[in-house]
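Only the coordinates and a few stated rules stand behind these numbers; no lab work does. Everything numeric in this text was worked out from a predicted model, so none of it was measured. Here the Cβ positions follow ideal geometry from the backbone for every residue, glycine too, while neighbour counts run over all protein chains shown.
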Amino acid sequence: MLYNKKVPISESALLVIDAQDSFKMGDRWERRSNKEFENNVGKLVELYRRHNLPVIYFLHSDEDPGFERTSPHYKLMDFLSPLSAEPVLHKDTRNVFTSTGLPALLMEKGVRRVVITGIQMEQCCETSARVAADLGYAVDFITEATMTFPIPNHDKPGEELGVDAIRERTEYALRRRFATIASVQAIAEELEKTRTATSRAAKS
């Protein structure tokens with residue numbers, strides 16, 4: 001695992017996982033966590049574009065209403081507009097690796113570090129972070145650029161796990177095992193340092 005290894009951010013890719021309209025079906029959308037989700041993901045996309053680093057999007061499909069590939073809701077949310085060089089991969093597993101061909105794509109682009117954003121925090125995002133770490137990638141998990149919903153306890157009707165508890169549990173499980181828990185600001189500062197260093201080297 002590379003959570004404590006210094007893999008340069010210049011060898012990273014931004015993964016935007018399942019930010020799709022499918023999640024807007026039903027009443028759970030009103031109970032979502034992180035109302036700054038769109039803003040924070042949008043900032044990271046622009047940062048990665050500015051530094052000419054890969055941005056890769058994912059759409060999740062299964063049999064749940066709205067997640068069928070034929071559904072009109074099976075599309076990226078409107079705040080995302082992938083460029084022609086930014087792939088949109090389709091997956092039917094919780095993680096982004098085993099059903100998409102992502103490892104070959106990352107190898108082609110020289111990526112050894114992944115920055116994880118998207119929906120749902122404790123499901124597809126966390127699972128992807130765990131698999132990425134086991135595959136040898138350094139992982140930055142940007143909790144403020146992920147989102148989730150309360151989880152009902154199907155064994156005890158009326159009981160649920162709230163979004164704050166989900167966030168705490170996810171960060172505890174990933175931190176110093178599978179990922180670095182990072183922020184949008186921390187990624188922005190690291191990218192800027194890289195650009196400054198590159199600029200200085202070019203002038204010397």
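Summing charges over all other residues whose Cβ lies under 10 Å from the Cβ of Phe178, with Lys and Arg as +1 and Asp and Glu as -1, gives +2. Sorting Lys24, Lys156 from the fewest to the most surrounding beta carbons within 10 angstrom yields Lys156, Lys24. Positive contributions from Lys and Arg (+1) and negative ones from Asp and Glu (-1), summed over other residues with Cβ under 14 Å from the Cβ of Asn95, come out at -3.
The residue among Asn95, His73, Thr180 whose Cα reaches farthest toward the positive pole of the charge dipole of the chain, with charges on the beta-carbon of Lys, Arg, Asp and Glu, is Thr180. Between the residues Ala19, Pro152, Val114, the greatest Cα displacement towards the positive end of the dipole of the range 1-160, with unit charges on the Cβ of Lys, Arg, Asp and Glu, is found for Val114. Highest mean first, the peptides 167-175, 179-187, 125-133 sorted by other C-beta atoms within 10 Å per residue fall in the order 125-133, 179-187, 167-175. For the pair Thr93 and Arg49, a Förster radius of 41 Å applied to the C-beta separation gives a FRET efficiency near 0.90, rounded to the nearest 0.05.
Residues Met77, Met107, Met147 in ascending order of nearby Cβ atoms (within 10 Å, fewest first): Met107, Met77, Met147. Computed from backbone phi, the HN-Hα couplings of the range 146-162 come to 10, 8, 8, 9, x, 9, x, 8, 5, 8, 9, x, x, 9, 8, 9, x Hz, rounded to whole numbers (Karplus: 6.51 cos²θ - 1.76 cosθ + 1.60, θ = phi - 60°; Gly and Pro given as x).
List the residues whose amide H sits under 5 Å from the amide H of Leu161, counting only those 5 or more places along or on another chain, with H placed 1.01 Å from N in the peptide plane. It is Ile151, Asn153, by chain and number. Most simply put, the chain has about 10% antiparallel DSSP beta bridges, counting only bridges with both residues inside it.
Computed from backbone phi, the HN-Hα couplings of the range 108-123 come to 4, 8, x, 8, 10, 9, 10, 10, 9, 9, x, 10, 8, 3, 8, 10 Hz, rounded to whole numbers (Karplus: 6.51 cos²θ - 1.76 cosθ + 1.60, θ = phi - 60°; Gly and Pro given as x).
Placing unit charges on the Cβ atoms only, positive for Lys and Arg and negative for Asp and Glu, gives the chain a dipole magnitude near 1100 debye about its Cα centre.
Take every Cα pair under 8 Å whose residues are at least 6 apart in sequence, average their separation, divide by the length of the range 9-203, and the relative contact order is 26 percent.
When peptides 80-93, 8-21, 42-55 are ranked by their average number of other Cβ atoms within 10 Å per residue, the highest-first order is 8-21, 42-55, 80-93.
For the range 71-88, backbone phi angles converted through the Karplus equation (6.51, -1.76, 1.60; θ = phi - 60°) give residue-by-residue couplings of 6, x, 7, 7, 7, 5, 5, 4, 6, 10, 9, x, 6, 4, 8, 9, x, 10 Hz, Gly and Pro being listed as x. Dimensions of the chain from C-alpha coordinates, computed as largest minus smallest value along each principal axis and given longest first, are 66, 35, 29 Å. Mind counting lysine pairs for me in the chain? Cα separation below 23 Å, and the two need to be 8 or more apart along the chain or on different chains. Lysine pairs satisfying the spacing and distance rule in the chain number 17. Give me, ordered by chain and number, the residues 5 or more places off Thr148 or on other chains with an amide H under 5 Å from its own placed amide H. Long-range HN contacts for Thr148: Ser33, Met121. Note on Phe79/Glu192: beta-carbon distance plugged into 1/(1 + (r/R0)^6) with R0 of 22 Å gives a FRET efficiency of 0.40.
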